[in-house]
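S.K.: Structure incoming, see below.
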Amino acid sequence: MGLYKYMAAASGEKAREILIEADNQNEALSKLRSRRLKPVQYLGEASIGGKGKFQLFKKSSGIDTFAFTRQLTPLLSAYIPLERALGIIADSSEDPRQKAFVSSMRQGLHEGKKFSELVRSHGNLFPDYYANLIESGEESGCLPEVLVQLYKFMGESKDLKGFIVSSAIYPSVILCVTLIVIVLLFTVFVPKFAKIFADMGRETPASLNRLILVSAIAKWAWWMIPLAIIGARYLYIKVNGKTAYEVLTSKWKLKIPLLGRIISDLEMCRFIRTLSIMTSNHVEIIRTVKIAGRVIHNPIVAAQFTNIASRLKGGEKLSATLLGNPFVPKEMVPMLRVGEESGNVGDMLVRIADNLEADTRAKIKRLLALFEPLIILLLAGAVLTVVISIFMAMMDLNAIS
C-alpha cells in the first residue's frame, strides 16, 4: 500500500494536488475516476512519514492526535460543519504546534481537499487505520458516527498501552537492579578477588579463571556486543532487504512462548475492532476487510488474511473465510456465524473485540507476573555462580597451603 500523488481536476474546476492511497497506480487511477476527478499529471509516489528509512531515534512531533479527535468528535456529532469545527479547535488550542497543525488541516479543506486526504498527508502522526476509517465515513455519509467509534477505539488502544506500561514498571525496576548487581559482581568484586591471588603469587584456579574471563569481557569489550548486533542487522538488511528482515524478526517474535501469542492477539484486536467499526457503519464488506487487513503490522499474521477479499467475492461468508486461520481466536468464528445468521454482524464483532481485549489484558498480566520470579532466579543464579567459584578457589588455596 502506497500514496500516489496526482494533479487532478473536477469538471469545471482548477487542477489541484490529490493524494490517493492504493496498492498500485492502476488502482489509484480507478479511485480518482470514482470521485469524478480527471488526472492531469502524475507527480510520483509520496512517502508516508519517512517509512522505510533507518531511524535510530524517532523525533516527537508534539502533535496530540488523540486530543484532536476528542475535541472534534462532539463538534461533528452536534452537526457543526467540519471546517467550522476545525476553526473552533484551532482557536481554543493553547499549544502553538497543535494550533498550526489544526489550522493547516482547515486550510486544506479551503483548498478543496478531503479530510481523509489531509490525514494521509500528515504521514505517521495518525494511526494506520485512521485515514481509511475517515474515508469510509466520508463515502458512506456517516463521518460523525465513524469518528465517535474511532475516538473510542483510540481511547481503548491508549488505555491498553497505558496498562502495559504501568504493569511493566515494577518488573523493569527489578530487571535494572538485577543487571546492576550482576555488572558490579563481574566488574568490581571478581577482579579484586583475583588480585588477591596475584599478590600472593598463587596460580588462579580454573573456576576463578572463567569468572575473570567473563569479567574482562564485561569490563573492556561490552561495547562489542551491541555493535555486533547493529552490524549484523545492517548487513542482513543490505543483503536481503528490509522486508526479509521484518519477516524474519516477525517469525522470531511469534515463536516466543506466551509473548508470541500476545503479539498475535494484539494484532487481532486491531483487526477485529476495525472490522466492527466499519461494519457497524454499513461499509461494503470487501472494502472493510481490505482496510482492516492494513492495520495488521506483523507480516506473518497479515499473510494469513490476504485472500479473504477474493474468497468473499467468490460468495463465501466472512466466518467461513476465517475458519482455520491460526491467528483468529477459536470462539470468534462460531460467534461471527451467529451474527451473520441474525443479521447483527457489527454488534457481534464489537463483543468479540471486547472479549479478546479483556483476554489479552489477562495474558499480559500473567506474563508480567511470571517475569518477576524469573528475574529473581536470574539474579540468584548469577550470585550463586560467583559465590561457588570463589568458594572453590578458597578451597584450592587452602589445599595449596
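Taken together, the values in this text are just the output of simple stated rules run on the coordinates, not laboratory data. Predicted model only: the values in this text are computed from it and were never measured. All Cβ positions, glycine included, derive from the backbone under ideal geometry; neighbour counts span all protein chains shown.
S.K.: Contact order normalised by length for the range 293-390, with contacts defined as Cα pairs under 8 Å and 6 or more residues apart; what percent is it?
M.R.: Working: 32 pairs, mean separation 12.6, N = 98.
So the answer I get is 13 percent.
S.K.: Here's another thing I want to ask about it. Please tell me which of these pairs span more than 19 angstrom C-alpha to C-alpha: Lys5/Lys113; Lys158/Lys330; Lys152/Lys313; Lys38/Lys114; Lys38/Lys313; Lys113/Lys290?
M.R.: Lys158/Lys330; Lys152/Lys313; Lys38/Lys313; Lys113/Lys290
S.K.: Normalised by the residues of the chain, what does the relative contact order come to in percent, with Cα pairs under 8 Å and at least six apart?
M.R.: For the chain, the relative contact order is 14 percent.
S.K.: Pop the C-beta distance of His297 and Val40 into the FRET formula with R0 = 51 Å and round what comes out to the nearest 0.05. Don't skip to the end; give the middle numbers.
M.R.: Working: r = 35 Å, r/R0 = 0.69.
Efficiency, rounded to the nearest 0.05: 0.90.
S.K.: Once R0 is set to 60 Å, what does the formula 1/(1 + (r/R0)^6) return for the Cβ-Cβ distance between Ser310 and Ile376, expressed as a FRET efficiency to the nearest 0.05?
M.R.: Efficiency, rounded to the nearest 0.05: 0.70.
S.K.: Let me know the volume per residue of the alpha-carbon convex hull for the range 331-401, in Å³.
M.R.: 70 Å³
S.K.: Rounding to the nearest 20 debye, state how big the charge dipole of the chain is about its Cα centre with +1 on each Lys and Arg Cβ and -1 on each Asp and Glu Cβ.
M.R.: 820 debye
S.K.: Another question, then. State, as an integer percentage, the relative contact order of the range 178-258 based on alpha-carbon contacts under 8 Å between residues 6 or more apart.
M.R.: 26 percent
S.K.: Separate question: So if the hydrodynamic radius of the chain is defined as the Kirkwood radius over C-alpha pairs, what does Stokes-Einstein give as its diffusion coefficient at 25 °C and 0.890 mPa s, in µm² per second?
M.R.: 96 µm²/s
S.K.: Further question on the same structure: What longest region of the chain stays clear of GluC sites (Glu not before Pro) that DSSP places outside H, G, I, E and B and that have at most 16 other Cβ atoms within 10 Å?
M.R.: The reported range is 112-202.
S.K.: While we're looking at this one, here's another question. Using R₀ = 22 Å, calculate the FRET efficiency as 1/(1 + (r/R₀)^6) where r is the Cβ-Cβ separation of Leu184 and Phe391; round to 0.05.
M.R.: 0.70
S.K.: To the nearest 500 deg cm²/dmol, what mean residue ellipticity at 222 nm is calculated for the chain from DSSP H runs of n ≥ 4 alone, each contributing -39,500 (n - 2.57), summed and divided by the residues?
M.R.: Taking each H run of at least 4 residues, the total per residue is -23000 deg cm²/dmol.
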